[in-house]
Number of protein chains: 2
Amino acid sequence: MTTSRSDSAASFALRPIATVRSPLADLAAAPKQAHEGAPEAWLVFEPGVLDGLEGLRVGDDVVVLTWLHRADRDVLRVHPRDDFSNPMQGVFSTRSPARPNPVGLHELRILEIDGARVRVSALEAVDGTPVIDMKPVLRPV
Amino acid sequence: MTTSRSDSAASFALRPIATVRSPLADLAAAPKQAHEGAPEAWLVFEPGVLDGLEGLRVGDDVVVLTWLHRADRDVLRVHPRDDFSNPMQGVFSTRSPARPNPVGLHELRILEIDGARVRVSALEAVDGTPVIDMKPVLRPV
């Protein structure tokens, strides 16, 4: 433990790397988790980051991070799954999109790569959702 | 697919929710992955988000997202694991901290909860690293 001033006093600006293009047009239609009937989607990458896609292959399993831009960032306690019969709980022990930094975490498979457009398996984010990162899934060694 | 203007033209400000307190003082000493000898660490949460911890329990498995604030955000291709014998590859198919949005993804176990301080298992982030989110691990249903 140190007593130095926290580096976290700063704030940091995210630069979206891609945008979700999906038949999911609105939040009401979006499933809460990918396995609950989410459709395939396209990720359309920004021209400035295309070099970052080099080495990505169809069939790769990746973690995609989104910015759930319509989420309420001032909420710290929720009824999990919007079910009022569930007792209120702190957002950090739930997968609620409402939280101080609404980052969505999605494990997906790459289905197709077409230049700046990457088609992925079941994604529960709505059309227009910004993508902030993509990483390979690490399997236990 | 829509042809509407991308929502991702905007940028988004992250607000750190906690800070890593770790015996890892510098990047040179930090292992590349948690299973490569990373130490336990404390996450010290900001006073404004403590309600979000409600319901968190010792023994819970969580995903912690960090902001790797010392990473180079302008790099799009790297030699994986800083090994120059590995061919250059796009950052989105590697776990390099260098990438447009240097978000670190860590699967951890909660070992102790002491007010605003949460002790977690093996974490490869250095002392002072901002934490931006924490979520429960979802197991396949």
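The values are calculated or read from the model by the stated rules, or taken from the named source; none is laboratory data. Since the model is a prediction, treat every value here as computed from it, not as a measurement. All Cβ positions, glycine included, derive from the backbone under ideal geometry; neighbour counts span all protein chains shown.
Remarks
- Looking across segment B:85-141, the residues that are among the charged types (D, E, K, R) and within 17 Å of B:PRO16 (Cα to Cα) come down to B:ARG117, B:ASP127, B:ASP133, B:LYS135.
- B:ALA98 of a type outside the set (D, E, K, R), more than 8 Å from chain A (Cβ to nearest Cβ), within 24 Å of A:VAL63 (Cα to Cα) and in contact (Cβ under 8 Å) with a residue 40 or more places away in the chain: no
- The listed residues are B:GLY55, B:GLY48, and the only one of them that is on the phi > 0 side of the Ramachandran plot and out of contact with any His (no Cβ under 8 Å at 6 or more places or on another chain) turns out to be B:GLY55.
- Residues of segment B:97-117 that turn out to be closer than 21 Å to A:ARG95 by Cα, surrounded by 22 or more Cβ atoms within 10 Å (Cβ to Cβ) and in contact with a helix residue (DSSP H, G or I) (Cβ under 7 Å, 6 or more places away or on another chain), as a count: 1
- Options A:ARG81, A:ARG57: the member that is without any contact (Cβ under 8 Å) to a residue 60 or more places away in the chain and more than 22 Å from B:VAL63 (Cβ to Cβ): A:ARG57
- Residue match in segment A:120-139 (condition: of a type in the set (Asp, Glu) and either touching a Cys at 6+ places or on another chain (Cβ under 8 Å) or modelled with pLDDT of 95 or more (or both)): yes
- Among the candidates A:LEU43, A:LEU56, the residue that is part of a loop (DSSP other than H, G, I, E, B), modelled with pLDDT of 95 or more and more than 22 Å from B:ILE17 (Cβ to Cβ) is uniquely A:LEU56.
Residue-by-condition table, conditions (1) surrounded by 22 or more Cβ atoms within 10 Å (Cβ to Cβ); (2) touching a Lys or Arg at 6+ places or on another chain (Cβ under 8 Å); (3) farther than 25 Å from A:ARG15 by Cα:
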residue	(1), (2), (3)
A:ARG77	no, no, yes
A:PHE92	yes, yes, no
A:ALA125	yes, no, no
A:ASP133	yes, yes, no
A:LEU138	no, yes, no
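- Top-ranked residue in segment B:32-66 [being more than 10 Å from chain A (Cβ to nearest Cβ) and loosely packed, with under 14 Cβ neighbours inside 10 Å; ranked as farthest from B:SER121 (Cα to Cα)]: B:PRO47
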